[in-house]
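Asker: Got a structure here, written out as structure tokens. Questions coming.
Derivation of every value follows stated rules applied to the coordinates shown; laboratory data play no part. Small disclaimer: the values here were computed from a predicted structure and weren't measured. No Cβ is skipped: glycine too gets one built from the backbone with ideal geometry, and neighbour counts run over all protein chains shown.
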Amino acid sequence: MNIRLWGVRGSIPCPGPQTAVFGGNTACMELSWGPEDSHVLVVDAGSGIRPLGNQWMRTRFPQGPIKTRLLFSHTHWDHIMGFPFFTPIFIPSTEIEIYGPVTFEEDSLDKVIGGQLQYRYFPVTMAELAAKITYYRLQETQLEFELGLKVTTKYLNHPITCLGYRFEHEDKVIVTLFDHEPFRNLFITDPQNPDFDQEVFEEGERAAAEENQKILEFMHNADVVVHDAQYTEKEYRKNRTGWGHSSIEWAINAAHKAGVKTLVLMHHDPERLDSELEKFQKNYERLIQQKSKMKLVFAQEGMVF
């Protein structure tokens, strides 16, 4: 398997000279497998899917019709906003299978994704797309694609339904946790609070610990984990709990416990400048070298693993 990162930023695209090194496009990852990377799928359609689609038109399309799968982690806008600009959807010979979770029962996956393609937002409607597109709603499940690529999904902790993906092929494992916050006790934890209940508190602690353990098992012994790390621990604890994203420190500690070989941190905050990320890379690399053999990478657009 090979993966290529086309978008590693969180929340909103942020192009400019101070983000050019790590990139300003939102989440998009290409995964290829098989002889000469003959099979390919994409995880998330943030703004990074636009340059991906343009490259496919130059490289894959001349070899024959584009047939691919697009797997969504969830349907927040920064993860779907690039779909209307994905050139292959306008080509009649293109065939795309789209997989992903849906939070709101009244809206189907095609309505959520395709809702961007209506005249109030965009000059082309969903009905006008030339490609053959089919939709599959996902929950926690297992799938198998060509040449024995096994795909396992796992619910993550985010304000809407969100899935992580575990890809396994020929004894290699790649895991994505694009938008995820560590599970925490949602009940009252302050014993001084008059509504504090010890039994309820203990149950909340157990539930959070169990769910965090499931995430460790999902990452267990992975060769590469691409993990949300939008904040520092200080930022997270100050005023960002409940926003659905992890701290750099938590992601590192969790991946280390899970036996991950290479940890790739992504979903960089849109306010995070190249200079800050370069500093983080050096500082955290130095810290983990003292305790772990795990390789740490702060994701940049164009990186290939």
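Asker: May I ask you to list the aspartates and glutamates whose Cα is less than 17 Å away from that of residue 291, ignoring any residue fewer than eight positions away on the same chain?
Answerer: 249
Asker: So what's the angle, to the nearest 10 degrees on a 0 to 90 scale, between helix 248-257 and the longest Cα principal axis of the chain?
Answerer: Result, in degrees: 90.
Asker: Let me ask something else. Counting Lys and Arg as +1 and Asp and Glu as -1, each charge on the Cβ, what is the dipole of region 202-245 about the Cα centre in debye, to the nearest 20? It would help to have the intermediate numbers written out before the result.
Answerer: Details: 6 positive and 10 negative charges, 65 e Å.
So the dipole magnitude of region 202-245 works out to roughly 320 debye.
Asker: Report the GluC sites (Glu not before Pro) located in region 240-281 that are in a DSSP loop and have at most 13 other Cβ atoms inside 10 Å of their Cβ, or state none.
Answerer: Values: sites: 249, 271, 276, 278; in loops: 271.
Passing sites in region 240-281 are 271.
Asker: What percent does the relative contact order of region 2-298 come to when contacts are Cα pairs within less than 8 Å and at least six residues apart? Mind showing how you got there, number by number?
Answerer: On the way: 615 pairs, mean separation 42.8, N = 297.
After rounding, I find 14 percent.
Asker: Label 7 Å along Cα→Cβ of residue 137; region 148-168 residues with amide nitrogen under 17 Å?
Answerer: 155, 160-163
Asker: Now, a different point. Pull up the cross-link candidates among the aspartates and glutamates for residue 150, meaning alpha carbon to alpha carbon under 13 Å and not fewer than 8 places away within one chain.
Answerer: Reachable aspartates and glutamates: 168, 170, 171.
Asker: Could you list the trypsin sites (Lys or Arg not before Pro) in region 61-144 that lie in coil according to DSSP, counting only those with at most 11 other Cβ atoms within 10 Å of their Cβ? Spell out each step's value before the answer.
Answerer: Working: sites: 67, 69, 111, 120, 132, 137; in loops: 120.
The qualifying sites are 120.
Asker: Also: How far apart, in nm, are two points set 7 Å out from the Cα along the Cα-to-Cβ line at residue 289 and at residue 125?
Answerer: Rounded to a tenth, the inter-label distance reads 6.0 nm.
Asker: Helix 49-59 versus the longest principal axis of the chain: what angle, 0 to 90°, nearest 10, using Cα atoms?
Answerer: Tilt relative to the chain: about 40 degrees.
Asker: In region 1-143, with Lys and Arg counted as +1 and Asp and Glu as -1 at Cβ, which of these residues, 63, 114, 25, has the Cα nearest the positive end of the dipole, that is, farthest along it?
Answerer: 63
Asker: Oh, and also: For region 1-159, compute Rg over Rh where Rg is the Cα radius of gyration and Rh is the Kirkwood radius from the inverse mean 1/r over Cα pairs. Could the numbers behind the result be given before it?
Answerer: Numbers: Rg = 15.4 Å, Rh = 16.3 Å.
Reported Rg/Rh, Kirkwood definition of Rh: 0.95.
Asker: Angle check, please: helix 198-219 long axis (alpha carbons) against the longest principal axis of the chain (alpha carbons), in degrees 0 to 90, nearest 10.
Answerer: On a 0 to 90 degree scale, this one is about 40.
Asker: Between 40, 226, 200, where does the largest GNM mean-square fluctuation fall for the chain, given springs only between Cα atoms within less than 10 Å?
Answerer: Among 40, 226, 200, the largest GNM mean-square fluctuation belongs to 200.
Asker: Would you mind getting me the FRET efficiency between residue 235 and residue 104? Use the beta-carbon distance for r and R0 = 35 Å, nearest 0.05.
Answerer: Details: r = 30 Å, r/R0 = 0.85.
After rounding, the FRET efficiency stands at 0.70.
Asker: Setting aside same-chain residues fewer than 8 positions from residue 172, which aspartates and glutamates have a Cα under 19 Å from its Cα?
Answerer: 30, 36, 37, 144, 146, 217, 223
Asker: Another question, then. Modelling each spin label as a point 7 Å along the Cα-to-Cβ direction, I'd like the residue 147/residue 196 distance in nm, to one decimal.
Answerer: The answer from the label model is 5.7 nm.
Asker: Compare the Cα positions of 178, 13, 158 along the charge dipole of the chain (+1 at Cβ of Lys, Arg; -1 at Cβ of Asp, Glu; about the Cα centre) and return the one farthest towards the positive end.
Answerer: Sorting the options by dipole projection puts first 13.
Asker: Once the Cα gyration tensor of region 2-298 is found, what semi-axes does its equivalent ellipsoid get, as square roots of 5 times the eigenvalues, in whole Å, sorted largest first?
Answerer: Values: eigenvalues 214, 100, 79 Å².
Listed largest to smallest, the semi-axes of region 2-298 are 33, 22, 20 Å.
Asker: Amide H neighbours of residue 259 under 5 Å, at least 5 residues apart or on other chains, H built in the peptide plane: list them.
Answerer: 221
Asker: Among DSSP beta bridges whose residues both lie in the chain, state the antiparallel percentage, nearest 5. Don't skip to the answer; put the middle values down first.
Answerer: Details: 26 of 56 bridges.
Bridges in the chain are about 45 percent antiparallel.
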